[in-house]
Structures are given as C-alpha cells and as structure tokens.
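First comes the structure, then the notes that go with it.
Here, each number is a calculation from the coordinates, and none is a lab measurement. A quick note: this is a predicted structure, and the numbers were derived from the prediction, not measured. Don't worry about glycine lacking a Cβ; one is built from the backbone with ideal geometry, like all the others, and counts go over all protein chains shown.
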Amino acid sequence: MTAPTTPSVQTLIDTYGKDIAFAAGQEPASTASVFIGQLTTAAINLDEAGINNTENLDNAATNLSDALNSTDRDEVRILLNRVGRYLKATADLVGEYRHMA
C-alpha cells in the first residue's frame, strides 16, 4: 500500500483558495502568507455566522505557518498532511456560508 502524497503549499492554495477567499471576503491568495491570513479571517467569519468546526481553519493556518518556518523535512511533511486533513471539509463549511449570504 502506497502512502498518500503530501500536498504542497501551492496545491493547498489551488485546492482551497477560492473557497477560503470567499469566506474571507477577499480575492484568492497567491502566496502562502496571504492564504494563512485568509484562513484566519475565514474562520472568524464562519464562526460569527454560527457555522461549526471553524477551528479546523485556525488549526490549518497554524500548522501551515509552522510548516513554512520548519527546516525539518519530516516535520514539514507531517504538518502539510495535517493541513490537508484540516481543510478537507472546507467546501462544506463554505457551502453552508454561501447559502446564508
């Protein structure tokens, strides 16, 4: 059995960037630092709208920031995999938010 491929930072932005930007009320991020800020803003906006599990976006932001600051390749891989897991339900969270707007 093959281990799943670790997502790159760019893959995470490409996959989740539009939904996160919508929830943050901004244009999609083109850099990791902007994406991290949008994750935090989106978490606040979704939480204020009464949507559950927004802490996953905060956790993703923290882990992504830690991955960018780490020099340990194994740690980076673990953190990026975690970010991917935290962001898995993004479409559902943002979909609920879109229906409220």
For region 74-87, what are the residues that are free of Cβ contacts under 8 Å to residues at least 24 places away in the same chain and under 13 Å from the mean Cα position of the chain (by Cα)?
L79, R82, R85
Unique residue being without any contact (Cβ under 8 Å) to a residue 40 or more places away in the chain and either among the charged types (D, E, K, R) or on the phi < 0 side of the Ramachandran plot (or both) when the list is T6, T15, T71, T90
T71
It is to be established whether one or more residues within region 56-68 are more than 28 Å from H99 (Cα to Cα), hydroxyl-bearing (S, T, Y) and touching a residue at least 60 places away in the same chain (Cβ under 8 Å).
no
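Tell me which helices (runs of 4 or more DSSP H) are completely within the chain and hold 2 or more residues being surrounded by 19 or more Cβ atoms within 10 Å (Cβ to Cβ) and small (G, A, S), or say none if there are none.
9-24, 32-48, 55-69
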